[in-house]
1. For residues that are touching a helix residue (DSSP H, G or I) at 6+ places or on another chain (Cβ under 8 Å) and more than 18 Å from PRO85 (Cβ to Cβ), scanning just the range 31-47, find the one that is surrounded by the fewest Cβ atoms within 10 Å (Cβ to Cβ).
2. Is the range 75-86 home to any residue that is surrounded by fewer than 16 Cβ atoms within 10 Å (Cβ to Cβ) and in contact with a Pro (Cβ under 8 Å, 6 or more places away or on another chain)?
3. So THR77 ticks every box in (1) touching a helix residue (DSSP H, G or I) at 6+ places or on another chain (Cβ under 9 Å); (2) closer than 22 Å to LYS18 by Cβ; (3) at pLDDT 95 or above but one. Which box is left unticked?
4. Can you pull out the residues in the range 112-126 that are free of Cβ contacts under 8 Å to residues at least 60 places away in the same chain and either more than 20 Å from MET13 (Cβ to Cβ) or in contact with a Pro (Cβ under 6 Å, 6 or more places away or on another chain) (or both)?
5. So how many residues does the range 99-110 have that are among the β-branched types (Val, Ile, Thr) and modelled with pLDDT of 95 or more?
6. Looking at LYS56, is it at negative phi, touching a residue at least 12 places away in the same chain (Cβ under 8 Å) and among the basic types (Lys, Arg)?
7. Let me spell it out: the conditions are (1) out of contact with any Lys or Arg (no Cβ under 8 Å at 6 or more places or on another chain); (2) surrounded by fewer than 17 Cβ atoms within 10 Å (Cβ to Cβ); (3) not acidic (Asp, Glu), and LEU23 meets all of them except one. Which number is the exception?
Amino acid sequence: MKAYILMGSESDMPHAEKIAEGLKAEGVDFEYFVRSAHKDPVGVFNYVKAHDNESKVLFITIAGRSNALSGVVAANTKKPVLACPPFKDKLDFLVNINSTLQMPSKTPVLTVLEPSNCALAAARILQQ
């Protein structure tokens with residue numbers, strides 16, 4: 001049972017750590033990976049494919065603004081993908097939430113805004 005936490009940037013680490021705290025509390029192992037889907041889509045693809053055949057795994061994506069990361073991950077795995085985008089403030093939220101909510105067809109991404117709820121949702125999915 002493992003969650004792979006993918007971040008678009010190192011600056012997303014404080015947000016990832018909030019999710020990690022919740023995963024630890026639920027007994028879920030996790031691993032961090034930092035790679036921009038815009039700047040290195042091949043690196044993201046290779047990482048996802050390296051873990052796609054594992055059982056009881058899911059991917060948590062953390063990216064704001066133009067969120068390609070969640071879509072790239074979801075398009076290249078059959079595993080669950082949870083997006084938990086970070087927002088600096090309400091204006092950032094209002095401007096950027098749609099990049100996470102509006103995914104192309106056949107790229108199912110579940111969006112959870114609160115890091116602790118993201119961790120709890122991940123744990124519940126993995127415990128099925």
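1. Taking the range 31-47 as the starting set, the residues that turn out to be touching a helix residue (DSSP H, G or I) at 6+ places or on another chain (Cβ under 8 Å) are 32-38, 41, 44-45.
Checking which are more than 18 Å from PRO85 (Cβ to Cβ) leaves us with 41, 45.
Numbers: PRO41: 15, PHE45: 17.
If we take residues in the range 31-47 being touching a helix residue (DSSP H, G or I) at 6+ places or on another chain (Cβ under 8 Å) and more than 18 Å from PRO85 (Cβ to Cβ), then PRO41 is surrounded by the fewest Cβ atoms within 10 Å (Cβ to Cβ).
2. Kept after step one, since they are surrounded by fewer than 16 Cβ atoms within 10 Å (Cβ to Cβ), are these residues of the range 75-86: 78.
Filter once more, keeping what is in contact with a Pro (Cβ under 8 Å, 6 or more places away or on another chain): none.
No, there is no match, as no residue in the range 75-86 is surrounded by fewer than 16 Cβ atoms within 10 Å (Cβ to Cβ) and in contact with a Pro (Cβ under 8 Å, 6 or more places away or on another chain).
3. Among (1) touching a helix residue (DSSP H, G or I) at 6+ places or on another chain (Cβ under 9 Å); (2) closer than 22 Å to LYS18 by Cβ; (3) at pLDDT 95 or above, THR77 violates only (2).
4. If the condition is that a residue be free of Cβ contacts under 8 Å to residues at least 60 places away in the same chain and either more than 20 Å from MET13 (Cβ to Cβ) or in contact with a Pro (Cβ under 6 Å, 6 or more places away or on another chain) (or both), then ALA121, ARG124 are the ones that fit.
5. So the answer is 1.
6. Values: at negative phi: no; touching a residue at least 12 places away in the same chain (Cβ under 8 Å): yes; among the basic types (Lys, Arg): yes.
When the stated conditions are applied, LYS56 does not pass them.
7. Checking LEU23 against (1) out of contact with any Lys or Arg (no Cβ under 8 Å at 6 or more places or on another chain); (2) surrounded by fewer than 17 Cβ atoms within 10 Å (Cβ to Cβ); (3) not acidic (Asp, Glu), the one that fails is (2).
Okay, residues lined up against (1) touching a strand residue (DSSP E or B) at 6+ places or on another chain (Cβ under 9 Å); (2) within 25 Å of PHE93 (Cβ to Cβ):
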position	(1), (2)
SER11	no, yes
ALA16	yes, yes
ALA20	yes, yes
LYS24	yes, no
VAL44	yes, yes
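The values are calculated or read from the model by the stated rules, or taken from the named source; none is laboratory data. All figures in this text were calculated on a predicted structure; none of them were measured in a lab. Cβ coordinates were reconstructed from backbone atoms using ideal geometry, including for glycine residues, and neighbour counts include every protein chain displayed.
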